[in-house]
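Structure first, commentary second.
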Amino acid sequence: MQKAKIEFEYEIYTTIDELLTEDKDLLEQARKVTATAYAPYSKFLVGAAAILQNGEVVKGTNQENASYPVGICAERTLLGTAAMSHTNVPIITMAIAYNNLNGKSDVPVSPCGMCRQSLSEYENRTGKPIRLILSGMEGKIFIIENTGNLLPFSFSGDHLLGL
Ligand code: THU
């Protein structure tokens, strides 16, 4: 029997002012775009902004539905837009912010399981890791160098090919 361990490091910042200018700008865009979320049911407005390898910025917000499971998260809205407008261009960094109209928005949240799978597919497809900046509308910020860290043992197309 063998034992294995998976661990990863991430960065924690106390305020947005500690970030590099480019990161600060991307997080500000993610926070701002939360205003375009359609979240009448959860009142949890999520905004994502990503900078691509070609320098373009793509954004996404969550879009809910009266038939709850039909709703889509901000991250997957963004990924669909990026894949369509800038096909196969890697995402360098994605900032994800939220504005919770039910209460505080001052601790970072991380992508849901379904979004992690989508992010993983995008990373595999473009061959580049996606760096994540996670935060609310204020307070602490987490930076994770590689989204793949959030989904160990991920399922990928390689498994389908038997590779
Ligand atoms: N949501 C996102 O858009 N991204 C996440 O990472 C977590 C959750 C959305 C889905 C739903 O519209 C609302 O937030 C509450 O779950």
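It is to be established whether one or more residues within segment 19-31 are in contact (Cβ under 8 Å) with a residue 24 or more places away in the chain and among the basic types (Lys, Arg).
The answer is yes, given that some residue of segment 19-31 is in contact (Cβ under 8 Å) with a residue 24 or more places away in the chain and among the basic types (Lys, Arg).
When residues of segment 95-123 are filtered for being in contact with a helix residue (DSSP H, G or I) (Cβ under 7 Å, 6 or more places away or on another chain) and away from the ligand (no atom under 11 Å from the Cβ), how many remain?
Of the residues in that region, 4 qualify.
Step by step: first the residues of segment 131-163, then only those that are under 12 Å from the mean Cα position of the chain (by Cα) and of a type in the set (S, T, N, Q), then the one that is nearest to Ser118 (Cα to Cα). Which residue is that?
In this case the residue turns out to be Thr147.
Checking Thr87 against (1) of a type in the set (Ser, Thr, Tyr); (2) in contact with a helix residue (DSSP H, G or I) (Cβ under 6 Å, 6 or more places away or on another chain); (3) without any contact (Cβ under 8 Å) to a residue 24 or more places away in the chain, which test does it fail?
Failed condition: (2).
Just checking, how many residues over segment 63-79 are within 12 Å of Val46 (Cα to Cα), over 15 Å from the mean Cα position of the chain (by Cα) and more than 9 Å from the ligand (Cβ to nearest atom)?
Counting residues in segment 63-79 that are within 12 Å of Val46 (Cα to Cα), over 15 Å from the mean Cα position of the chain (by Cα) and more than 9 Å from the ligand (Cβ to nearest atom) gives 0.
Given the residues Val46, Val89, which is the only one that is more than 10 Å from the ligand (Cβ to nearest atom), surrounded by 12 or more Cβ atoms within 10 Å (Cβ to Cβ) and under 20 Å from Gln117 (Cα atoms)?
Testing whether each residue is more than 10 Å from the ligand (Cβ to nearest atom), surrounded by 12 or more Cβ atoms within 10 Å (Cβ to Cβ) and under 20 Å from Gln117 (Cα atoms) leaves just Val89.
Please pick out the residue among Gly148, Gly80, Gly127, Gly113 that is more than 23 Å from Ile16 (Cβ to Cβ), modelled with pLDDT under 95 and not aliphatic (A, V, I, L, M).
Every option except Gly148 fails the conditions.
The values are calculated or read from the model by the stated rules, or taken from the named source; none is laboratory data. Since the structure is predicted, the reported quantities are computational estimates derived from the model, not experimental observations. Here the Cβ is made from the backbone with ideal geometry for all residues, glycine too, and neighbour counts use every protein chain on show.
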